[in-house]
Structure formats: C-alpha cells, structure tokens
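Quick notes on the structure that follows.
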Amino acid sequence: MNIFYLTLFPEMYEGILSSSILKRANDKGIVSYKTINFRDYANNKHNQVDDYPYGGGAGMVLKPEPVYEAFESLHLENARVLLMCPSGRPFDQQFAEELSTEENIVFINGHYEGYDERIRNLATDEVSIGDYVLTGGEIASMAMTDAIVRLIPGVIQQESYENDSFSTGMLEHPHYTRPREYRGMKVPDVLLSGDHKKIEEWREEESLKRTKERRPDLIKNKK
Ligand code: 6GU
C-alpha cells in the first residue's frame, strides 16, 4: 500500500511514521509513506494557499489550485482520496478494514476555516474521526493510518486483531499477566484453572458485560 499525505505541515508526520509498528510496516516493504507539501504548488508570488471567502465572512478558504496540482503530481490511476473534515463520514473499524485492502490512499488535509468547494471533486470520500473539531486533518490522518496499517496482512499477527474491540462488535474482555496478586488485587481464579472452555465462557461473559455497561449502542447496532 502507498499512502500519500497532502499537507502544509509535513513535519507533523515524522515522529509517528518513523516509530513502532508503522515504521516496521515500512521497513518490511508492506507500506510506503510520502508527504507532499502543497504550498510547493502555490503558483503565486507569496506562495499563498488560502484566500478570503467570496461573499464575505470570517476565516480563510483553501484555494483549489495548489491541492489539485499537488494531487496531479502523484500521477495515480486509481486511489482512495480522502478529504479530511469534521463533516465527513465517521471513521470506524469497518471503514478501516475496507481501506486496508487499497493499493493507494491519499489524505487531503486542510488547515483553515474551510476548503473551496471544488476541492471536494477530487475526493472519493470525506472522512471525520469523531464529533469534535481539530485544527487540521493531520492528526486525524495519522490516527487513521495506524488503524488501517495494522490490519494489512504481515504487519502484526492476525490473532492480535481478530478479537479487537469493534471488529467483533463487542468490547474486549479483561486481560491479566503476572503477578497473581498485586496490592491486594487478584487475578480471577478461572484464568488460572487451565480449563479452556470455562476461560472462553468467562471471556465472552465479561465482554458482553463490559459492552452493555460502557457501549450499549454497539449492542443495539448489532441487532
Ligand atoms: Cl478529519 N478534520 C478536522 N479538522 N477535524 C476533525 C476531523 C477531521 N475529524 C474530527 N474532527
């Protein structure tokens, strides 16, 4: 998979893409990352990428030309082109699974009051990561990259994501490791019993209990 980020702040990506699993996926040749600063495609004297809104009002609007020209410099034949904005389709685990099979993904990250409406014609999808407003799409695109890349075969062990919260439609059951007792807090006996059937039943019950308590909406959506 090739992932491209159109951004005015390429430096924001450096630490994230060169750490941990995202770095390892790149080292293994499973995924490539490329940032493109669309200010380099601003074809005016002051490298201006935004301008005042027609019709007046507060805030600046991202101009179409730098974004179109930066995108065209990639010469992609087919790609998912994701316009990052709070009014987009809510990103979730199912959407991550869908995107994890793409050959090319392009994130378009605005950093201003809004996009010129014509930029939307470049996008295959408009995406949001939740009901709150960020100053730009960069952090959202990094969160999405993390969620997508870990699902590509060969990046992590498949068992690690088969039981993920949300992919099963339920939250994960509790986990314990050594020591058996810490500051009076004990590991449930069933996990030490060696009875795999009972352990599986306990995990399913706990998963259901936790989902009912914390995210009843997930259970409703499942039905
Ligand atoms: Cl993708 N962009 C911005 N600016 N704010 C957001 C978002 C995206 N998703 C949630 N809030």
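The values are calculated or read from the model by the stated rules, or taken from the named source; none is laboratory data. Keep in mind it's a predicted model, so treat the numbers as computed, not measured. With ideal geometry, Cβ positions are generated from the backbone for all residues, glycine too; neighbour counts draw on all protein chains shown. Surface accessibility is based on the protein's heavy atoms, side chains included, excluding ligands, DNA and RNA. Shrake-Rupley method; radii C 1.70, N 1.55, O 1.52, S 1.80 Å.
Would you point out the residue of the range 130-170, among those that are more than 16 Å from the ligand (Cβ to nearest atom) and of a type in the set (Gly, Ala, Ser), that is modelled with the highest pLDDT? Talk me through it step by step, then tell me what you get.
First pass over the range 130-170, keeping only residues more than 16 Å from the ligand (Cβ to nearest atom): 149-170.
Next cut, of a type in the set (Gly, Ala, Ser) only: 154, 160, 165, 167, 169.
Values: Gly154: 97, Ser160: 79, Ser165: 80, Ser167: 76, Gly169: 86.
Taking the candidates together, the pick is Gly154.
Scanning the range 171-223 for residues that are under 20 Å from Gln93 (Cα atoms) and among the basic types (Lys, Arg), we see that the one that is modelled with the lowest pLDDT is Lys223. Which condition breaks for Thr101 when tested against (1) free of Cβ contacts under 8 Å to residues at least 40 places away in the same chain; (2) outside any loop (DSSP other than H, G, I, E, B); (3) surrounded by fewer than 13 Cβ atoms within 10 Å (Cβ to Cβ)? The single condition Thr101 does not satisfy is (2). Consider the range 1-38 and keep the residues that are more than 22 Å from Gly136 (Cβ to Cβ) and hydroxyl-bearing (Ser, Thr, Tyr). The one that is surrounded by the most Cβ atoms within 10 Å (Cβ to Cβ) is Ser32. For the condition of a type outside the set (Ser, Thr, Tyr), assigned by TED's automatic domain parsing to the domain that holds Tyr52 and surrounded by 11 or more Cβ atoms within 10 Å (Cβ to Cβ), Leu192 does not qualify.
Checked against (1) more than 19 Å from the chain's Cα centre (by Cα); (2) in contact (Cβ under 8 Å) with a residue 12 or more places away in the chain, Met142 passes all but condition (1). Quick one: would you say Ala79 is more than 16 Å from the ligand (Cβ to nearest atom) and in contact (Cβ under 8 Å) with a residue 40 or more places away in the chain? Considered against the rule, which asks whether it is more than 16 Å from the ligand (Cβ to nearest atom) and in contact (Cβ under 8 Å) with a residue 40 or more places away in the chain, Ala79 comes out as yes. The condition of being surrounded by 14 or more Cβ atoms within 10 Å (Cβ to Cβ), in contact (Cβ under 8 Å) with a residue 12 or more places away in the chain, in contact with an Asp or Glu (Cβ under 6 Å, 6 or more places away or on another chain) and of a type in the set (Phe, Trp, Tyr) holds for only one of Tyr68, Tyr41, that being Tyr41. Applying the condition of being touching a helix residue (DSSP H, G or I) at 6+ places or on another chain (Cβ under 8 Å) and part of a helix (DSSP H, G or I) to the range 82-98 and asking which residue is farthest from the ligand (Cβ to nearest atom) yields Gln93. Considering the range 106-126, and only residues there that are farther than 17 Å from Tyr54 by Cα and in a loop (DSSP other than H, G, I, E, B), the residue that is most open to solvent (accessible area, probe 1.4 Å) turns out to be Thr124.
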